[in-house]
Amino acid sequence: MRRVLLPATAALLLAAGAAPVRAASQDPQPGNWLQLSVTRDTAPSDDTRGTLLLCGPPQGHRRAAEACDQLTAVNGDLHALPAAQDTVCTLVYAPVTAHASGQWNGRAVAYTETFANACEMGARTGAVFALDDAGAAAPGA
């Protein structure tokens with residue numbers, strides 16, 4: 001019985017010892033990703049939508065490729081996203097809060113901003129917070 005267990009145990013130990021080497025060589029480079037959420041701040045309850053945006057390859061929400069391109073252009077700095085010049089929003093006050101946390105080029109990202117309405121948020125943040133039907137306006141809308 002020992003003769004059977006010894007080779008099997010040795011094989012298991014060799015496989016276990018080799019696994020971390022294989023896993024380490026296949027680990028991807030630190031990726032660019034953001035956990036995004038948009039909360040409509042309305043009484044009596046808030047409505048929050050969220051998703052994980054991955055940028056390598058782009059995936060996570062319906063405009064992931066566009067959002068990743070916009071973030072790449074500003075090196076992941078959401079405060080530096082250029083405002084849309086061709087968007088006109090109403091002055092209706094229906095606040096929405098955009099929140100992002102994650103990593104961009106190995107650097108931690110944390111962003112929270114409240115906008116007067118979803119149109120203003122869309123005009124300021126482009127495709128990044130265009131989650132489902134969260135109300136972000138497209139330029140020109």
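The values are calculated or read from the model by the stated rules, or taken from the named source; none is laboratory data. In this text the structure is predicted, and so the values were computed from the model without any measurement. Methodologically, a virtual Cβ is constructed for each residue, glycine included, from the backbone with ideal geometry; neighbour enumeration extends over all protein chains shown.
Brief remarks on what is shown
- Candidate set: segment 66-94, residues that are of a type in the set (Asp, Glu) and in a loop (DSSP other than H, G, I, E, B); chosen: the one modelled with the lowest pLDDT: Asp86
- Test: Thr114 is in contact with a Pro (Cβ under 8 Å, 6 or more places away or on another chain), assigned to a loop (DSSP other than H, G, I, E, B) and of a type in the set (S, T, N, Q): no
- Members of segment 46-65 that are within 10 Å of the chain's Cα centre (by Cα) and assigned to a loop (DSSP other than H, G, I, E, B): Gly60, His61
- Only one of Thr125, Thr112 that is surrounded by fewer than 19 Cβ atoms within 10 Å (Cβ to Cβ) and either touching a helix residue (DSSP H, G or I) at 6+ places or on another chain (Cβ under 6 Å) or free of Cβ contacts under 8 Å to residues at least 60 places away in the same chain (or both): Thr112
- Whichever residue in segment 51-76 is touching a Cys at 6+ places or on another chain (Cβ under 6 Å) and in contact (Cβ under 8 Å) with a residue 12 or more places away in the chain and, among such residues, is farthest from Gly126 (Cα to Cα): Cys55
- Qualifying positions in segment 95-111 - within 25 Å of Pro57 (Cα to Cα) and not in a strand (DSSP E or B): Asn105, Gly106
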